[in-house]
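Chemist: Right, I'll just put the structure down here and ask away after.
Read the figures in this text as sums done on the coordinates, not as results from a lab. Everything numeric here is computed off the predicted structure, so don't read it as measured data. Backbone-built Cβ (ideal geometry, glycine too); neighbour counts: all protein chains shown.
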Amino acid sequence: MTATANEAPRTPPRALVRAFWLIHRTIYRVTGGRFGVWRPKAGTRFGTMRLVTVGRRSGKRRIAMVGYYEDGPNVVTMAMNGWGDADPAWWLNLQAEPETTIDLPQGPRRVRAREASGEERERLWRRFTEYPGWGDDITALSSRRGRETAVVVLEPQTAAAS
């Protein structure tokens, strides 16, 4: 995905991105969660989780498969929509109802979502440049959006906090 100095990084067609998301959720569901989420690997430090939200308008349960990395006890992801300009629905849902559940390979976890800001955001954003194939292209990709891409921190909640 790394672009040369004279060309902008390319993103896959929107239809392909949506098809991949649908297939990913289906694999997780059909296999009973045995496939579809994985822990961060040693070389990349990035994994995939299943994020459960409540639709801000419908009130229905919504599922998204998103990449993440661990930052201490927190799980960090980026609110991107296949690099499209609109924010992903799951992020809009979390802004309306930040308490939710994520499914990780080691099991479900209750979390509370918040947007990182300031120095914390910059520190967490830099980690995304380590994602295989992104490197410095992440800045070029994010500049295609009309707004800053939110860095989302999912903080664990204790049973008493739920």
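Chemist: Taking amide H atoms as placed 1.01 Å from N in the peptide plane, list the residues 5 or more away in sequence, or in a different chain, whose amide H sits under 5 Å from that of Gln157.
Modeler: Arg110, Val111, Arg112
Chemist: By per-residue mean of other Cβ atoms within 10 Å, what is the highest-first order of 98-111, 45-58?
Modeler: 45-58, 98-111
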